[in-house]
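Report on the structure given below.
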Amino acid sequence: MSTAPEIEELEAQERRLTLARFTHDDAWSLGTLLVELARARKAPVAIDIRCGGQQLFHAALPGSTPDNDAWIDRKRRVVERYGCSSLLVGSRFRAKGTTFEESSRLDADTYAAHGGAFPIAVEGAGVIGTVVVSGLPQVEDHALVVEALEKFTELR
């Protein structure tokens, strides 16, 4: 299993992957890019993209299960609450010598600070949505989202 990037690298990813804009068409492009990357790896994942509370893209690839959708919801809520990636939130708790589950005072059935949910941030607007992957180990879920966002920004 991969180890999580350091907190500084996670924060740098979020700064680097802030977008100039993000539209419904962009959600489709990013989502289909994620599907292509996941299919090339035969990754059994579910993918979800939301903006302003609206689901703009969802895909469930072979091998994914309804449980992945529950993980998507729990990880997405962490991004919505904290404004940063679910992996970064969990890493910050671990850096303090505790865990999200022990110290956040949030219901673990509703929130999960496990990697795979990433904020969609737009310059001048802040976090406007989320992109989430579930089905791989948490560091790999996160890495897949970051890879897709990096490719997405290169294509623009």
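The values are calculated or read from the model by the stated rules, or taken from the named source; none is laboratory data. Since this is a predicted model, take the numbers as computed values, not measurements. Here the Cβ is made from the backbone with ideal geometry for all residues, glycine too, and neighbour counts use every protein chain on show. Note: areas computed on protein heavy atoms with side chains; ligands, DNA, RNA excluded. Shrake-Rupley method; radii C 1.70, N 1.55, O 1.52, S 1.80 Å.
Within the range 1-10, the residues that satisfy the criterion of being open to solvent by 20 Å² or more (accessible area, probe 1.4 Å), of a type outside the set (Val, Ile, Thr) and under 14 Å from Ser85 (Cα atoms) are Ala4, Pro5, Glu6, Glu8, Glu9.
Restricting the search to the range 11-24, which residues are open to solvent by 60 Å² or more (accessible area, probe 1.4 Å) and either closer than 12 Å to Arg156 by Cα or assigned to a loop (DSSP other than H, G, I, E, B) (or both)? Answer for the range 11-24, where residues must be open to solvent by 60 Å² or more (accessible area, probe 1.4 Å) and either closer than 12 Å to Arg156 by Cα or assigned to a loop (DSSP other than H, G, I, E, B) (or both): Ala20, Arg21. For the range 92-101, check the following and say yes or no: at least one residue is out of contact with any strand residue (DSSP E or B) (no Cβ under 9 Å at 6 or more places or on another chain), touching a residue at least 24 places away in the same chain (Cβ under 8 Å) and of a type in the set (A, V, I, L, M, F, W, C). The answer is yes, given that some residue of the range 92-101 is out of contact with any strand residue (DSSP E or B) (no Cβ under 9 Å at 6 or more places or on another chain), touching a residue at least 24 places away in the same chain (Cβ under 8 Å) and of a type in the set (A, V, I, L, M, F, W, C). Of the residues that make up the range 28-37, is at least one closer than 21 Å to Val122 by Cβ and open to solvent by 70 Å² or more (accessible area, probe 1.4 Å)? So far as the range 28-37 goes, yes, one or more of its residues are closer than 21 Å to Val122 by Cβ and open to solvent by 70 Å² or more (accessible area, probe 1.4 Å).
In the range 1-25, the residues that are hydroxyl-bearing (Ser, Thr, Tyr) reach residues that are at pLDDT 95 or above with C-beta atoms within less than 6 angstrom, at least six apart or across chains, in these pairs: Ser2/Val139; Thr18/Ala121; Thr18/Glu123.
Going by the conditions given, is Gly115 of a type in the set (Gly, Ala, Ser) and under 18 Å from Glu11 (Cβ atoms)? Considered against the rule, which asks whether it is of a type in the set (Gly, Ala, Ser) and under 18 Å from Glu11 (Cβ atoms), Gly115 comes out as yes. Where strands (runs of 3 or more DSSP E) fall wholly inside the range 42-142, the ranges with 1 or more residues that are open to solvent by 20 Å² or more (accessible area, probe 1.4 Å), closer than 21 Å to Leu17 by Cα and among the polar types (S, T, N, Q) are 54-60.
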